[in-house]
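Here the structure comes first, spelled out in structure tokens, and everything after it is commentary.
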Amino acid sequence: MIRRATRDDLPGLVALALREHAASQFAHQPVDLEHVQASFLCVIHGLAGAVFVSESGGELHGLIAGIVQPGLFNRRQTAYELLWFAEDGSGLRLLAALRDWAIRMRAVQLVVHDYAGIADPTRFTKVMARRGFDVMGTAYVSALES
């Protein structure tokens, strides 16, 4: 079942996010659990955000989080996926839930990323193209010393 996440889902959301983090190209970065929890609560309770989960048997197996905000050059709303991770094959159903929510929020486009580096890029691009998504640029990352 795909549904909107609530505050009660916080432990399951954090657990999924930690598994996503461990599998991602960012796994070498430290995790601040308080920040992760606060981030989820901001999206769950904010007017411009949503988190959807896949659930079965009372357990969470996937999540997608997103926000909407005005574009840089105008006030037209763009929806952005913030985190997308599923262990149960629910990924595309989660994407559909986020897309439907973005439409209800009057967004004019939905931007989805594969910046965690978990999915095979060629396969991900093909799957997204079949869902009506075009490639938009390329992301690059550089470690910075602070």
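The values are calculated or read from the model by the stated rules, or taken from the named source; none is laboratory data. As the structure is a prediction and not an experimental result, all values here were calculated from the model. Cβ placement follows ideal geometry from the backbone for every residue including glycine, while neighbour counts extend to all protein chains displayed.
Condition first: among the acidic types (D, E) and closer than 14 Å to E59 by Cβ. Now tell me which residues in segment 79-99 satisfy that. Residues satisfying the conditions are E87, D88.
Out of L82, L16, one residue alone is under 20 Å from V127 (Cα atoms) and either surrounded by fewer than 20 Cβ atoms within 10 Å (Cβ to Cβ) or in contact with a Leu (Cβ under 6 Å, 6 or more places away or on another chain) (or both). It is L82.
Against the numbered list (1) without any contact (Cβ under 8 Å) to a residue 60 or more places away in the chain; (2) part of a helix (DSSP H, G or I); (3) surrounded by 12 or more Cβ atoms within 10 Å (Cβ to Cβ), A22 comes up short only at (3).
Condition check: part of a helix (DSSP H, G or I) and free of Cβ contacts under 8 Å to residues at least 24 places away in the same chain. Does P11 satisfy that? Answer is yes for this residue. In summary, G117 fulfils each of the numbered conditions (1) closer than 18 Å to I44 by Cα; (2) small (G, A, S); (3) surrounded by fewer than 16 Cβ atoms within 10 Å (Cβ to Cβ) with the single exception of condition (1). The set of residues in segment 61-71 being more than 14 Å from V111 (Cα to Cα) and either at pLDDT below 95 or surrounded by fewer than 21 Cβ atoms within 10 Å (Cβ to Cβ) (or both) consists of H61 alone.
When we screen S39, S56, S90 for residues that are polar (S, T, N, Q), closer than 27 Å to S142 by Cβ and out of contact with any Pro (no Cβ under 7 Å at 6 or more places or on another chain), the only hit is S39. R104 fulfils the conditions (1) modelled with pLDDT of 95 or more; (2) in contact with a strand residue (DSSP E or B) (Cβ under 9 Å, 6 or more places away or on another chain); (3) under 25 Å from R131 (Cα atoms) except for a single criterion, (2). Counting only strands (runs of 3 or more DSSP E) that sit wholly inside segment 31-122, those with at least 2 residues that are touching a helix residue (DSSP H, G or I) at 6+ places or on another chain (Cβ under 7 Å) are 49-56, 59-70, 77-86.
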